[in-house]
Amino acid sequence: MNQDNTGPMPLQQWLWRAFLRSAVIPLLFIELGFLGVYWISAEIGYRANTSAVQNVADQYFVDVATREASVIAETLHGVESLTGMFVRESRRALVTPYDPPASEKARYQLRPDGSFITVRDNGGSATFYSGIVPVGPKEIAKVWRTSQIDPVFRNIKESNPLISQLYINTFDSYNRIYPYMDTSVYPAKMDIPSYNFYYEADSGHNPQRKVVWTDAYIDPAGQGWMVSSIAPIYVGNRLEGVAGIDITIKQIVNRILDTALPWDGYAMLVGRDGAIIAMPKEGESDFHLKMMRDHEYTSAITSDTFRPDDFNIRKRPDLQQLGKALFAKKNGRIVVKFDGIPHVAAFAEVPGPGWRLVVIAEQSQIYTDAQKLRDRVEMVGLFMLAILILFYIVFFMLLSYRSRTMSKVLAEPLEQVTAIMDRVGAGAYDQHFNGSKVEELNRVGHHLINMNRRLASAEERSVLQERQIARALEHERETNESQRRFIRIMSHEIRTPLAIVHSCAEVMVRRPDQQTGEKIVERAHKIRRASNLIQDVLSRLVRLLDLVNSKQRAELVPLDLSWLVNATCEEFARIGGENIVIDCMVEPGLRVRGDDELIRQILIALLENANKFSPTGSPIELHARTDQEADEIVISVTDHGTGIPAADMPHIFDRFYRGSNATTTIGSGIGLHMARVFAASNDGRLEIDSPADSGACVSLRLPVLHDGQRA
C-alpha cells in the first residue's frame, strides 16, 4: 500500500499526502512567486519616491533658511536703526551742559572705593563710574549731562519688545544703563573699555564707525547671555564712548527661532566666529550641549565671558565639516551625522552681523511620507499573504475533511474504540460508542461500553464505602478528643485543691499527737476552701455545658450589682489566701438585670485569670463604674503581669486556648471562654486590652437597669 516509506501508515494519512503532492504544493509555489514580484516592484517605487522627496526637502530647507535669515536681518536692522538714533542723542547730551534738579542729584553717591553710583530708582536709568579714573567735578558734570536723555532710554526700550537694556559706556569707565539696576554689584575700578561691548566699536575694530554686533557674552549687568548692537560716539575725532542696545539670547530663541518646521526640524543661529548664539532645546541632544540661557552671578564679572569652545562648531572636531560648509558660501545644504544618524542641514547668511541661520532635520524624518507609502504597500503585501494563508488553511481543512470522510468507514470505529479505552484508563467510565457499519467492530465497541458500566458501578460503591468509613473515623476521633480535653480540664482545675486536701489529711494522720485545736481548725478551713473550689469548678462546668447545649437558660432579675461585686471580691480574697490583694473600687448604686450566680462566676473567672498572671504580692485592680455615653456598666479587672502577645489576642476567648507566654502557668484555657458565654447569657459582652509588656485588662459590659424600667 505504501511504496515511499518502510512501514505502514493510516489510510487518512496516505490520502492526505496524495492531495498535497498533486495540488497544494504546485499552487503554493506559483502564488509565492506573484508575491515576490509585487514586493520587488514596491521596493523600486519606494527608492524613486525617496529620491524625489529628498530633492523637494533640500530645496525647501534652503528656502526656509534664506527666508528666516531675511526675517532675522530685518528684525536686527530695526535695532540697528534705533542704535544709530541712540548714538546721535547720546552725542548731543555729552556736549550739552545740563544741571538736573536736586531730586535727581540726590539719587547719586560717591562711595569710599572711589566709585560714583545711583542708590535709588526713580523710574529712570542707573549710573556707575568705576573710579579707575578719579571721579571729580568734570566727571560728575558728564553724569549730569547724560541724565537728560533718560526719556530717550525709555522711548527706545518701549518701541521694540526685543530690547532688553540700553547703555552708554565712556572711555573713562562711566556706564549709564536703562532699565534701572543695582550698580553696587559692579566691582570698583572696573575697566569698562576692556569689554567686547566697548572695544568692538572702537577705531581699531570698527574704523567705519558703523553699527556692529557683538558675539554672545555674559552681561556684567546681570541679564545673562546676550548679544549687543553697538556704535561709537565720537565728539569730533575723539572716541568719547560707545552706545549699545542689548538683546538677550532667550529673547532670540523665543521670538526669532521659534519657527515651526516639518519633519521635527529646528533652527539655530551661529555667530560669525562659529559660536552657537541661539539653539532651541530640540538641538541640544544632537550637539551634546546644554544652552546657557540663564546665568547665576555668585561673584562680580570682571572680564569678558563668551561661549565655551564646545559651542564653537569651528573648534569642535566632530563638527568641522559643518563649520567649513557654513562659512564657505552664503547659503547651501549639507548632510551631517549626529551620533551616526544622518541629518540634513540647510543654512543662509544673516546680512549685517554676518551670522548663519541653520535649519536641521533628521533625514529619516524627511522620508516619513515615503516610508508610510512603503509601509502601506508592505501592508497590502502582508494582507495578500494573510489571505493566501487563510485560503490554504481552509483548503487544508477541506482536504482533511475529505480524507477523513473517505477513511472513516474503517478508521473511525477503531479510533473511537482506542479513545474509549484511553478515557477509561484515566477514570472516565461513562462512555458512548456510535456504532459501525462493520459487524465485528460494532460488537467489540458495545461489549467495551458494557464492561465500562460495570467498572463504573463498582468504583461508585467503593468510593461510597470509603466516605462512610472516613466519616465514622472522624466522628470517633472528635469524640476521643472531647473526652481527653474534658479529662485535662478536670485534672487542671481539681489537682490543686485535691493536693491541699491530701496534704492536710497526711499531716493529721502522721502526726495526730501534734495537732492542737487551732491547727485542726486551720487545716479544716483549708480543706473546706479546697472543697468549695472543687464545687465551684464543677458548678461552672455544669452551667457552661447546660448553656452551650441549650438545656438551661439564665434567669435575669434586677440585681444590686455594687453589692454583688464587693461580696465577690471579699469572698475571693478570703478563699484565695493571704497573698491575694484586690484593689476594689465600686461605684455605689449600680443596678443591672441579670443572673447573680452567673455574674459571680464571671467575676471569679476574671479574678482567677488576673491572679494567675500577676506577680506575687502585686494587686489586682477591679473598677466598677457607669459608662454614661454607652449607657452601660463597666467592670474592669486589671493585672500587672507580662500582658498578652498581639498574635494571641484574636483567640484569647477560644475554648481550651492558652497564650504563647502562659506555658508555665497552671490553667485549662476555659476560664475566659466560660466567662464570655456567661456574659452573653446576661445580655453583656467581654472586652480585653493588653498594651505591650504592661499587663491585661478584661472588661465586662452590662446594660444599665434604670429606675422604673421593667425587669
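The values are calculated or read from the model by the stated rules, or taken from the named source; none is laboratory data. Computed from a predicted model, the values in this text were never measured in an experiment. Please note: Cβ atoms are built from the backbone with ideal geometry, for glycine as well, and neighbour counts cover all protein chains shown.
In table form, for the structure just shown:
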item	result
For residue 172: the one exception among (1) under 18 Å from residue 125 (Cα atoms); (2) touching a residue at least 24 places away in the same chain (Cβ under 8 Å); (3) acidic (Asp, Glu)	(1)
Residue that is among the hydrophobic types (A, V, I, L, M, F, W, C), part of a helix (DSSP H, G or I), at pLDDT below 70 and more than 30 Å from residue 17 (Cα to Cα), where the choices are 463, 417, 424, 409	424
Output for region 146-168, where each listed residue is surrounded by fewer than 18 Cβ atoms within 10 Å (Cβ to Cβ), assigned to a helix (DSSP H, G or I) and in contact with a helix residue (DSSP H, G or I) (Cβ under 8 Å, 6 or more places away or on another chain)	148, 159
Number of the condition not met by residue 212 [criteria: (1) touching a Gly at 6+ places or on another chain (Cβ under 8 Å); (2) modelled with pLDDT under 90]	(1)
Residue within region 99-118 that is on the phi < 0 side of the Ramachandran plot, touching a residue at least 60 places away in the same chain (Cβ under 8 Å), surrounded by 18 or more Cβ atoms within 10 Å (Cβ to Cβ) and not polar (S, T, N, Q) present	yes
Test: residue in region 103-113 that is at pLDDT 90 or above and within 25 Å of residue 248 (Cα to Cα)	no
Which numbered condition residue 205 fails, given (1) in a strand (DSSP E or B); (2) within 25 Å of residue 88 (Cβ to Cβ); (3) modelled with pLDDT of 80 or more	(1)
Residues being more than 45 Å from the chain's Cα centre (by Cα), within 14 Å of residue 278 (Cβ to Cβ) and charged (D, E, K, R) - total across region 59-73	0
Inter-residue pairs, beta-carbon under 6 Å, first surrounded by fewer than 16 Cβ atoms within 10 Å (Cβ to Cβ) and in region 259-288, second hydroxyl-bearing (Ser, Thr, Tyr), 6+ apart	280/266; 282/266
Residue check for residue 235: modelled with pLDDT of 80 or more, surrounded by 23 or more Cβ atoms within 10 Å (Cβ to Cβ) and more than 19 Å from residue 181 (Cα to Cα)	no
Flag for residue 83 being surrounded by fewer than 13 Cβ atoms within 10 Å (Cβ to Cβ) and either modelled with pLDDT under 90 or under 19 Å from residue 243 (Cβ atoms) (or both)	no
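Every residue, every condition in (1) in a strand (DSSP E or B); (2) crowded, with 19+ Cβ neighbours inside 10 Å; (3) small (Gly, Ala, Ser); (4) in contact with a Leu (Cβ under 6 Å, 6 or more places away or on another chain), yes or no:
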residue: 603; (1), (2), (3), (4): no, yes, no, no
residue: 610; (1), (2), (3), (4): no, yes, yes, no
residue: 617; (1), (2), (3), (4): no, no, yes, no
residue: 623; (1), (2), (3), (4): yes, no, no, no
residue: 629; (1), (2), (3), (4): no, no, no, no
residue: 637; (1), (2), (3), (4): yes, yes, no, yes
